[in-house]
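To start, the structure itself, in structure tokens.
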There are 2 protein chains.
Amino acid sequence: MTGLREKRKEQTRQAIQDAAVKLFNAKSFEKTSIEDIAKQAGIGKTTVYGYFSTKEEIFINYCDDKLDQAFARLQTNDCTDTNLLDRLVDFFMLKFTFVTQNREFGRQLLREMIFPSAVNEKAKPHDQRYFDRLEKLFHCAEENLEISPGQDLFYLSVHFFSLYLGILAGWYTGYLTSLEEAEEGMRKLFRQALEGVAA
Amino acid sequence: MTGLREKRKEQTRQAIQDAAVKLFNAKSFEKTSIEDIAKQAGIGKTTVYGYFSTKEEIFINYCDDKLDQAFARLQTNDCTDTNLLDRLVDFFMLKFTFVTQNREFGRQLLREMIFPSAVNEKAKPHDQRYFDRLEKLFHCAEENLEISPGQDLFYLSVHFFSLYLGILAGWYTGYLTSLEEAEEGMRKLFRQALEGVAA
DNA sequence: TTATAAGCTCGAACACGTTCGACTTTCAGG
DNA sequence: CCTGAAAGTCGAACGTGTTCGAGCTTATAA
């Protein structure tokens, strides 16, 4: 019965995770202490460190869950006949509204995702799926003759992702304050990218 | 002699600032404690809080100084006849190498600049100068007939700044690991923006 | 000049993330 | 079964950012 230890371990891990999710949602990352989490999970605070080596790590795990949820909603849209610009704006605005829904959560998450404390190998599969989805979108556009053929679709994804980042930066630094402004800005940037600016 | 208090206050403030700069350079933000700073400045650690309300605030101040230095170096380049792409890459790579010179410093700074804890009005003049500089660059390009006329130069600046952000994100998430890769990626993205991708 | 208000300073204490060390439970081999 | 090793648990303690409160210094005005 080697499994007893492992089963308990799995249970405890889950209890911590659940407690964290509950408290992060109720309060926030910053206002939730390790002790709160431990109490909620019914264990001592030191024990938490047997499962996660840092408070941030718990948060990252929590984010991964949240992102999976958000990502699931992106799966539906497919090679439709709406134009590329609209589809791109939809794609990124969905993510934008999700991330900025709770300003503090988004800020913490973005800091950790874009400028992580350490290179986070675990985040890469997620990025991968995300960029795959984007590439697929461009692939459709290529077939629909909306973009010129032979483009590097990966770099195209990076390009639009960067513009999305720019909008997020504008949001968090206070230059954009409403969803409408954000969408308008995004549209403007995306159009520049599609049309090009060189003479 | 109303000035006595104020003069002392100014001195103490400067002492804290100097101490912080010295220690942040010698060690790092994280490894420097408030107590270290206080000791170096010859005051009690509580006193620091009469001048800065948080450790981050001291860091922000320090960053502003650093950024001013970096910015000064950008002033020189002017309406030359080198092509726009090269000038843009030069402009942003200078900033990139500066920021990433010390990985930890850059990370901390970017987190605070791009996703600040609170909207930081003090940062705006700096941004302003920065974007002014970029706009000037595009203005030259417009005169040199390198870009099509009538573009929104501000949004053009935002566009390229966003791409720069994308490169930084790639750096900190581990997708780009050498300066050469970063420059190559930047060049590729910039070219896309200039040439456009629509059919 | 002196009384009072306002501002400044710092030792002590608090909060919270994290580590240490000792105790308990589980597991594997004889 | 036993027994010794490994893994898990937690109270106590540490480090550091931040606040409290009491005492001291400076400014003001009668």
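The values are calculated or read from the model by the stated rules, or taken from the named source; none is laboratory data. Computed from a prediction, not measured in an experiment: that's the story for all the values here. Cβ: placed from backbone, ideal geometry, glycine included. Neighbour counts: every protein chain shown.
Which of the residues belonging to the range B:145-158 are free of Cβ contacts under 8 Å to residues at least 12 places away in the same chain and facing chain A (nearest Cβ under 7 Å)? Explain how you work it out, then say what you get.
Our first condition is that a residue be free of Cβ contacts under 8 Å to residues at least 12 places away in the same chain; within the range B:145-158, this holds for B:145, B:148-150, B:152, B:155.
Of everything in the range B:145-158, those that are free of Cβ contacts under 8 Å to residues at least 12 places away in the same chain and facing chain A (nearest Cβ under 7 Å) turn out to be B:L145, B:S148, B:Y155.
With A:Q101, A:Q192 as the choices, which residue is within 30 Å of A:K31 (Cβ to Cβ) and either under 13 Å from the mean Cα position of the chain (by Cα) or within 11 Å of chain B (Cβ to nearest Cβ) (or both)? Can you show your working first?
Values: A:Q192 fails: within 30 Å of A:K31 (Cβ to Cβ).
That would be A:Q101, the only listed residue that is within 30 Å of A:K31 (Cβ to Cβ) and either under 13 Å from the mean Cα position of the chain (by Cα) or within 11 Å of chain B (Cβ to nearest Cβ) (or both).
Residue by residue, here is whether (1) more than 16 Å from DNA strand D (Cβ to nearest atom); (2) in contact with a Cys (Cβ under 8 Å, 6 or more places away or on another chain); (3) at pLDDT 85 or above holds:
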| site | (1), (2), (3) |
| --- | --- |
| B:E56 | no, no, yes |
| B:N61 | no, no, yes |
| B:L110 | yes, no, yes |
| B:E121 | yes, no, no |
| B:P125 | yes, no, no |
| B:G150 | yes, no, yes |
| B:L153 | yes, no, yes |
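Here is a check on your reading of the model: is B:T82 more than 23 Å from A:S117 (Cα to Cα) and either among the β-branched types (V, I, T) or within 11 Å of the chain's Cα centre (by Cα) (or both)? Here the answer is yes, as B:T82 does meet what is asked.
Note on the range B:159-188: among residues that are free of Cβ contacts under 8 Å to residues at least 12 places away in the same chain and in a helix (DSSP H, G or I), the one that is farthest from the other protein chains (Cβ to nearest Cβ) is B:E180.
Put simply, of A:E112, A:E143 the only residue that is surrounded by fewer than 16 Cβ atoms within 10 Å (Cβ to Cβ) and charged (D, E, K, R) is A:E143.
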